[in-house]
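The values are calculated or read from the model by the stated rules, or taken from the named source; none is laboratory data. Keep in mind that this is a model prediction, so the values were computed, not measured. Note that we place each Cβ from the backbone using ideal geometry, even for glycine, and neighbour counts take in every protein chain shown. In case anyone asks, the SASA skips ligands and DNA or RNA and just uses the protein heavy atoms, side chains included. Shrake-Rupley method; radii C 1.70, N 1.55, O 1.52, S 1.80 Å.
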Amino acid sequence: MTAPAPLVDRFARAITYLRLSVTDRCDLRCTYCMPERMTFLPRADVLSLEELYKVSRAFIDRGVTKLRLTGGEPLVRRDMVDLVRALGRHLGGGGLQELTLTTNGTRLAEFADDLVAAGVRRINVSLDTLDRSRFAALARRDSLPQVLEGLAAARAAGLKVKLNAVALKGVNQDELPDLIAWAHGQGHDVTLIEVMPLGDVEEDRLDHYLPLDAVRRDLEQRWTLVPNAVSTGGPARYVDIAETGGRLGFITPLTGNFCATCNRVRVTATGQLYMCLGGEGRVDLRAALRSDDPDAALTDAFARAMGEKQERHAFAIDRAGAAPAVSRHMSTTGG
Ligand code: SAM
Ligand code: SF4
């Protein structure tokens, strides 16, 4: 049998990076991400562990070398560690160069050692504030102590941690330098993210939208920011901060354009392949997986996806009260 063709879209972008959401459920309710009373997907619609593995396998066979597990909160899925173990076997010559995850950190204390044992070396942990009452208001759960415990466990287990913080006007803007200095002191790189118009929440995100070029100008008053050419093929631009010795990334989906070098696609927990975070175009991999001839159906689905991946996203957050650019929540497609 010939090997399946690598994934290359019609703009000649090779797809080597998959973000796979393993659940849309979460133990937090970050206000910019989901409403308190979030409607979660019916469990029966969510891919089984075996299906998640098969989908990942199909991508690895077609040239994906980096896989990020996300959610919702990936570590609330009970069989998550089994999936990480199964995928970890593809590291080191089995097609995968990196297996990683994005987590809110609440359950890291429990799982950090298992992740390392399965071959995970680096993770992203989302943390927007170090102030317990702010955290409780922002995440609608008083879970900062668990997250800090999780971070300590990750460090002890030898995991390299990058912190992701959503920059929010009037919420954590005043605290960003302290958050960055603290993280760098702990040996964690930091990436700041602009809030994106994904899914309805109970507030108008425009109230808190903070363009990162303003944040960057503020930081330049305080520190020496040295541009770093490192590229992930993603939307982040990096600087090294001379005074802290740490790295800082800026993800600017709204003010920057990074689409030309896009190397990634996303799959939801129900097996919907989204070719662009900022678009509605999708291909149903679950239907392919559950068909009579999954191999042929998957090949066909991948060909359709590569033919349809859009050239660039079309986010806009500049109209007060405007409907979200994309109706699904970040927790559906994963970060
Ligand atoms: N629960 C995990 C976590 O929080 O890291 C993984 C999923 S979460 C959806 C992934 C990332 O998306 C987090 O860093 C979160 O802050 C970010 N995020 C969620 N909603 C967002 C939005 N509307 N705009 C920008 N970032 C968002
Ligand atoms: Fe949960 Fe992550 Fe969304 Fe926060 S950002 S509600 S932790 S999925």
Exercise. What is the count of Lys pairs in the chain whose alpha carbons sit under 27 Å apart, if the two are 8 or more places apart or on different chains?
Worked result: 5
For this session: Any chance you could look up the accessible area of residue 226 with a 1.4 Å probe, heavy atoms only, rounded to 10 Å²?
Result: 70 Å²
Exercise. Under the Karplus relation 6.51 cos²θ - 1.76 cosθ + 1.60, θ = phi - 60°, what is the ordered set of whole-Hz ³J(HN,Hα) values for region 162-175, x standing for Gly and Pro?
Worked result: 10, 8, 9, 10, 7, 7, 10, 5, x, 10, 10, 3, 5, 9
Exercise. Considering the chain as a Gaussian network with a 10 Å cut-off on Cα pairs, which listed residue, 140, 290, 13, attains the greatest mean-square fluctuation?
Worked result: 290
Exercise. In 5 Å bins starting at 0, how do the alpha-carbon pair distances of region 147-302 split up by percent?
Worked result: 2, 8, 14, 16, 15, 15, 12, 8, 5, 3, 1, 0, 0
Seminar exercise, completed: With every protein chain kept in place and a 1.4 Å probe, the residues 56, 133 fall, from largest accessible area down, as 133, 56
For this session: For region 17-333, calculate the relative contact order in percent as a whole number, restricting contacts to Cα pairs under 8 Å that are 6 or more residues apart.
Result: 19 percent
Seminar exercise, completed: By the rule of another cysteine's Cβ lying under 4.7 Å, the cysteines of the chain that fail to get a partner are 26, 259, 262, 276
Problem set entry | Local electrostatic count, residue 12, Cβ distance below 13 Å [Lys/Arg +1, Asp/Glu -1] | +1
Problem set entry | Among 58-66, 217-225, 32-40, 168-176, the order from most to least packed when residues are scored by Cβ within 10 Å on average | 58-66, 168-176, 32-40, 217-225
Problem set entry | Among beta bridges that DSSP assigns inside region 94-253, antiparallel share in %, nearest 5 | 35 percent
For this session: For helix 176-185, report the angle its Cα long axis makes with the longest principal axis of the Cα atoms of the chain; keep it between 0 and 90° and round to the nearest 10°.
Result: 70 degrees
Seminar exercise, completed: To the nearest 0.05, the calculated FRET efficiency linking residue 174 and residue 204 through their beta-carbon distance, R0 being 30 Å, is 0.90
Exercise. Which percent, to the nearest 5, of DSSP beta bridges fully inside the chain are antiparallel?
Worked result: 35 percent
Problem set entry | Listed residues 105, 278, 185, most fluctuating in the chain (Gaussian network, C-alpha, under 10 Å) | 185
Problem set entry | Computed log₁₀ I(q)/I(0) - Debye formula, equal Cα scatterers, no solvent, the chain, q 0.14 Å⁻¹ | -1.18
Problem set entry | Distant-in-sequence amide H partners of residue 193 (H built 1.01 Å from N, under 5 Å) | 165, 166, 167, 251
For this session: Please work out the Cα convex hull volume for region 2-98 and give it in Å³ per residue.
Result: 138 Å³
For this session: Describe numerically, in nm with one decimal, the distance between label points set 7 Å from Cα along Cα→Cβ at residue 122 and at residue 296.
Result: 4.1 nm
